[in-house]
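*Asks:* Pasting a structure below so you can have a look.
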Amino acid sequence: MASDKIKLTDQEWQQRLSPDQYQVCRQKGTEPAFTGKYADHKQAGRYVCVCCGHPLFESSTKYDSGSGWPSFWQPMDDDAIDEHRDTSHGMMRVEVVCSNCDAHLGHVFNDGPQPTGLRYCINSVSLDFKADESE
């Protein structure tokens with residue numbers, strides 16, 4: 001399905017995104033800890049990719065990891081995200097990207113809660129939020 005991915009030029013992404021969104025999502029940046037609008041967000045709904053609207057995480061899997069970034073113990077489904085080995089900054093990490101447009105979202109670590117034991121550490125600026133209809 002890789003051919004179905006959203007592909008825009010850097011210039012098109014820069015026109016579509018704020019400077020902060022572009023720096024994180026398209027240039028693999030990181031927002032400062034405890035500064036993102038979704039770090040302490042508790043509303044019921046789903047988090048989607050800010051670049052393309054692709055559904056990524058359910059609020060029911062969000063938890064307070066104390067890391068300063070929104071943290072989730074699992075994505076919405078197996079097709080929501082892609083994972084890539086990241087050896088930048090002298091570290092061995094697993095990068096998390098949107099499976100629909102390859103936007104950089106954050107990283108996944110093996111120090112999360114059960115049932116998965118995973119912590120998807122995601123930049124708020126890479127997310128948009130869609131509240132549940134009942135909210």
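*Asks:* Mind giving me the nanometre distance, one decimal, between the label points for Asp64 and Asp132, set 7 Å out from Cα along Cα→Cβ?
*Replies:* Result: 2.0 nm between the two label points.
*Asks:* How would Trp73, Trp13 rank on accessible area, largest to smallest, probe 1.4 Å? Display every interim value, and only then the final one.
*Replies:* Details: Trp73 55, Trp13 5 Å².
The ordering from most to least exposed comes out as Trp73, Trp13.
*Asks:* Using a 1.4 angstrom probe on heavy atoms only, work out the carbon and sulfur share of the accessible area of the chain in %.
*Replies:* On the way: 3470 of 7550 Å².
With neighbouring chains kept in place, the figure for the chain is 46 percent.
*Asks:* Moving on to the next point. Excluding ligands, DNA and RNA, what is the solvent-accessible area per residue of region 1-122 at a probe of 1.4 Å, expressed in Å²? Before the final figure, lay out the partial values.
*Replies:* Working: 6790 Å² over 122 residues.
Per residue, region 1-122 has 56 Å² of solvent-accessible surface.
*Asks:* A further question follows. Between region 101-115 and region 15-36, how many Å separate their Cα centres?
*Replies:* After rounding, the separation between the Cα centres reads 17 Å.
*Asks:* Next up: What is the local net charge at Ser126, summed over the other residues whose Cβ is closer than 11 Å to its Cβ (Lys, Arg +1; Asp, Glu -1)? Kindly include the intermediate steps, with their values, before the conclusion.
*Replies:* Working: positive: Arg26, Lys28; negative: Asp20, Glu31, Asp128.
That sum, taken over residues with Cβ under 11 Å, equals -1.
*Asks:* Which entries of Lys42/Lys130; Lys7/Lys42; Lys37/Lys130; Lys7/Lys62; Lys37/Lys62 show an alpha-carbon separation above 22 angstrom in the structure shown?
*Replies:* Working: Lys42/Lys130 12 Å; Lys7/Lys42 32 Å; Lys37/Lys130 14 Å; Lys7/Lys62 29 Å; Lys37/Lys62 14 Å.
Distance filter (> 22 Å) returns Lys7/Lys42; Lys7/Lys62.
*Asks:* Follow-up question, since we're still on this one. Using only helices, what value at 222 nm comes out for the chain when you add -39,500 (n - 2.57) per DSSP H run of length 4 or more and divide by the total residues, to the nearest 500 deg cm²/dmol?
*Replies:* Details: 2 runs with 14 residues, N = 135.
Value at 222 nm, helices only: -2500 deg cm²/dmol.
*Asks:* Let me ask something else. Rounded to the nearest 0.05, what FRET efficiency do Glu83 and Lys7 have when you use their Cβ-Cβ distance and R0 = 22 Å?
*Replies:* Efficiency computed from Cβ-Cβ geometry: 0.65.
*Asks:* For region 31-135, state which trypsin sites (Lys or Arg not before Pro) are in a DSSP loop and have at most 12 other beta carbons lying within 10 Å of their beta carbon.
*Replies:* Numbers: sites: Lys37, Lys42, Arg46, Lys62, Arg85, Arg93, Arg119, Lys130; in loops: Lys37, Lys42.
Loop-located and lightly packed - Lys37, Lys42.
*Asks:* Let me ask another. Let's see if you can work this out: charge +1 on each Lys and Arg Cβ, -1 on each Asp and Glu Cβ, no other charges. What is the dipole magnitude of the chain about its Cα centre, in debye to the nearest 20?
*Replies:* Working: 13 positive and 21 negative charges, 61 e Å.
In total the dipole reaches around 300 debye.
The values are calculated or read from the model by the stated rules, or taken from the named source; none is laboratory data. Everything numeric in this text was worked out from a predicted model, so none of it was measured. Cβ sites come from the backbone with ideal geometry, for glycine too, and all protein chains shown count toward neighbours. Keep in mind that these areas ignore ligands, DNA and RNA; they rest on the heavy atoms of the full protein, side chains included. Shrake-Rupley method; radii C 1.70, N 1.55, O 1.52, S 1.80 Å.
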